Amino acid sequence: MNFRWIETARGAKVRVLEGGKGAPVLFLHGAGGLLAENPFLDRLAQRYHVLSPELPGYGESSGETLLEDMLDFALHGWDVVEALGLERPHVVGHSMGGMIAAEMACLAPRDLRKLVLAAPMGLWIPDAPLPDLFALLPHEVAQVLFHDPARGTALLTGGLDFRNLEALKDFYIGNVKRLGMAGKILFPIPNRRLAKRLYRLRAETLLVVGRSDRLVPAAYVQRWQELVPRAQLAWVDAAGHMLPYEEPEAFVGAVSRFLG
Amino acid sequence: MKFTWFNLMPWPFLPDDFRQTHRSVWVDIPNTLYDPRRGHFVYHQYMDQLEYADALGFDGIGVNEHHQNGYGLMPSPNLIAAGLARRTSRAAIAVIGNSIALYNPPIRVAEEFAMLDVISGGRLLAGFPVGTSMDTNYCYGQIPALTRDKYAEAHELIMRAWTEDEVFAFDGKYNQLRYVNCWPKPIQKPHPPIYIPGGGSIETWDFCLDHDYNYSYLSFGGYLRGRALLQGYWDRVAARQKDESPYRAAFAQIIAVADTDAEAEKLYAEHILYFFNRCLHVYPGFADAPGYRTIKTIQSGALSQLTEDMQKVFTKLTWKDLIEGGYVIAGSAETVRQRMEEMIRGLHVGHVFCLFHNGNMPDEKTRHSTRLFAERVMPHLRELWPEWKGDDRWWCKPMEERLRPEASLGGGARS
């Protein structure tokens, strides 16, 4: 896959990871952004034209101050589709990206083909509060996000040597930039009233969730099914919140079967 | 020199094993540890101490705002200040301050500060902190990356409300008000002196210099650690070609005075260690919400106060460490005078926020230490900045003809 640069009509400069041929699939990353290696995208690109834009503040993309609230984020998603010249792409969103994808689909229900929500954020159940992503200590992050935390830690850091202070500082600053942006739609509670807009969804929808997701647990899956009754559901075994990274084969299998 | 007697108002009944059994003194500290019936006496004792400091001749008496915090019992410092405004008539009332991004709408701050200025006869020093991440983001739910923008808008609104004589409409990003009309307005014109407490954000230095506000460096790290940071501020002052009046800056310092150095340790060590070991036990996950600090500030490396490493430092501190590391200035009047002078000259500050009550210090010890300082230390430190004598740009300007409420209350009853 290769990087491509676009500028949106609003003025955000966006880096897009692109590869493959076929029906266009827009992949929206989660609050942690794309990692150093994203094997599930490579796999998806064997069958589809995959385009994965990085939000401002993530990777090399800039224009953070242009996006302040949920509407900005959702419109930015469509601005990116426009700048890429895509016609009715499939939209796949993971975690926070699922929240943005669902908002995009509620805003412009006829402008996408199918919708995949992978461990989506965006709902809040008072009796089942989610862990506070913004108060986790570094060593706790992998425990919440992965079925296998030890493997997860290696995936998150991409093999960086943290004895190197400069590398540590860069990683920290990158993390602050990413979560600072994510906080605009996830802090202090990741609920921007998406639930009251979900009635507008028209696209066929797949929910795909890791069996041991500790960030968005089973009660939320049930709530999504209540709000989007036509949605199909696929579980991925031996995977947590980071299911695309933990079980790329099973994840891409479920997505491909649904997208056709 | 101006000395302000400051009380953080800690809860003095945290259990001995607090650090082992709880993860944080702030944000999610169990509120079952608070006992409102004991709290009744605690508030009155702390307010009495502030009034006592006024009677002893401190230039100011100070309060601040924290939320869900075991060492700061003032979610609303304005309530305490209102009580002080009624019972004192000499000292400046330093409210350092109101976290203006947290008030909805922030015109509330313009109104309440104006009320305090009017009730006190023009004695208000008005602090506008951005607020710690613990207070602002974790307790009050503000979005970290937008906090500073919201703060800037609140500041603009408050200053316009105080200084404009016509009703105006305010179409802000966070506040839309069709009729802004501050009633009452403050006595001090164009507005009370503004103090900006900061923990080392470089944007804050420029903000202070843009508006000629006082920069107050509030830390518990003491003056030896404060020096590097304040040097950064003074370098910025020079770069901006502002005058170097020491009254542009304030510093908070823990102080304890006894008859001898040994006596100071005997009287105060356990209470000050209570403060460092229990009150500063903050869960690192709450210290710095991503987005709260700007990337520029992080890159400058100026922040160190509440990092995980600093937490570890606080766990191991002994009295000797506290003294030698400059966290605490304690000892005989002569020892304290020497070290205060070293601190004031070293930091180049004209204002000191003096922390005499610390942790679970009993009332009589707090008063003893306070009185020794007022009688035997403070008089010798008054004239350290002769070249800036009379520079009152950052001090209150009360009405001459104002009510003196303590006369009718019987001033002697307070000491």
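The values are calculated or read from the model by the stated rules, or taken from the named source; none is laboratory data. Bear in mind that the values here come from a model prediction, so they are computed numbers and not experimental data. Backbone-built Cβ (ideal geometry, glycine too); neighbour counts: all protein chains shown. Side chains included, ligands, DNA and RNA excluded: accessible areas come from the protein's heavy atoms. Shrake-Rupley method; radii C 1.70, N 1.55, O 1.52, S 1.80 Å.
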> Name the residues in the range A:55-100 that are open to solvent by 40 Å² or more (accessible area, probe 1.4 Å), closer than 21 Å to A:Gly32 by Cβ and small (Gly, Ala, Ser), would you?
Replying inline: A:Gly59, A:Ser62
> So B:Arg90 fits all but one of (1) under 30 Å from B:Pro405 (Cα atoms); (2) open to solvent by 30 Å² or more (accessible area, probe 1.4 Å); (3) of a type in the set (D, E, K, R); (4) assigned to a helix (DSSP H, G or I); what number is the exception?
Replying inline: (4)
>> Being surrounded by fewer than 17 Cβ atoms within 10 Å (Cβ to Cβ) and in contact with a helix residue (DSSP H, G or I) (Cβ under 8 Å, 6 or more places away or on another chain): is that true of B:Gly70 here?
In response: no
> Within the set of pairs 6+ apart or on separate chains, which have a first residue in the range B:136-149 that is within 8 Å of chain A (Cβ to nearest Cβ), a second that is open to solvent by less than 20 Å² (accessible area, probe 1.4 Å) and of a type in the set (Lys, Arg), and C-beta atoms under 9 Å apart?
Replying inline: B:Ile143/A:Lys184; B:Pro144/A:Lys184; B:Ala145/A:Lys184; B:Leu146/A:Lys184
> In the list A:Ala219, A:Ala238, A:Ala203, which residue meets the criterion of being under 17 Å from A:Gly93 (Cα atoms) and either aliphatic (A, V, I, L, M) or away from chain B (no Cβ under 14 Å) (or both)?
Replying inline: A:Ala203
>> Can you say whether A:Val209 is within 12 Å of chain B (Cβ to nearest Cβ) and either open to solvent by less than 80 Å² (accessible area, probe 1.4 Å) or over 16 Å from the mean Cα position of the chain (by Cα) (or both), as far as the supplied structure shows?
In response: no
>> Exactly one of these conditions fails for B:Asp117: (1) surrounded by 20 or more Cβ atoms within 10 Å (Cβ to Cβ); (2) modelled with pLDDT under 95. Give me its number.
In response: (2)
> From the residues in the range A:180-193 that are open to solvent by 40 Å² or more (accessible area, probe 1.4 Å) and more than 7 Å from chain B (Cβ to nearest Cβ), which one is nearest to A:Pro131 (Cα to Cα)?
Replying inline: A:Ile189
> Within the range A:168-177, is even one residue free of Cβ contacts under 8 Å to residues at least 12 places away in the same chain, more than 17 Å from A:Gly97 (Cβ to Cβ), acidic (Asp, Glu) and open to solvent by 70 Å² or more (accessible area, probe 1.4 Å)?
Replying inline: yes
>> Restricting to the range A:4-63, and then to whatever is assigned to a strand (DSSP E or B) and acidic (Asp, Glu), can you tell me which residue is farthest from the chain's Cα centre (by Cα)?
In response: A:Glu7
>> Checking the condition touching a residue at least 60 places away in the same chain (Cβ under 8 Å), small (Gly, Ala, Ser) and closer than 23 Å to A:Leu156 by Cα, which residue from A:Ala203, A:Ala182, A:Ala195 passes?
In response: A:Ala182
> Can you pull out the residues in the range A:212-241 that are hydrophobic (A, V, I, L, M, F, W, C) and open to solvent by 70 Å² or more (accessible area, probe 1.4 Å)?
Replying inline: A:Trp235
>> So if I check each of A:Lys196, A:Lys177, which one is among the basic types (Lys, Arg) and within 14 Å of chain B (Cβ to nearest Cβ)?
In response: A:Lys177
> Do you know which residues across the range A:137-152 are open to solvent by 70 Å² or more (accessible area, probe 1.4 Å) and either farther than 27 Å from A:Glu247 by Cα or without any contact (Cβ under 8 Å) to a residue 40 or more places away in the chain (or both)?
Replying inline: A:Pro138, A:His139, A:Ala150
>> Condition check: more than 14 Å from chain A (Cβ to nearest Cβ), within 26 Å of B:Gly62 (Cα to Cα) and at pLDDT below 95. Does B:Cys354 satisfy that?
In response: no
> Is there any pair with a first residue in the range B:38-50 that is on the phi < 0 side of the Ramachandran plot and a second that is of a type in the set (A, V, I, L, M, F, W, C) and open to solvent by less than 70 Å² (accessible area, probe 1.4 Å) whose Cβ atoms are under 6 Å apart and which are 6 or more apart or on different chains, and what are they?
Replying inline: B:Tyr46/B:Met9; B:Leu50/B:Ile61; B:Leu50/B:Leu84
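Quick check, is B:Gln142 in a loop (DSSP other than H, G, I, E, B) and farther than 29 Å from A:Arg178 by Cα?
No.
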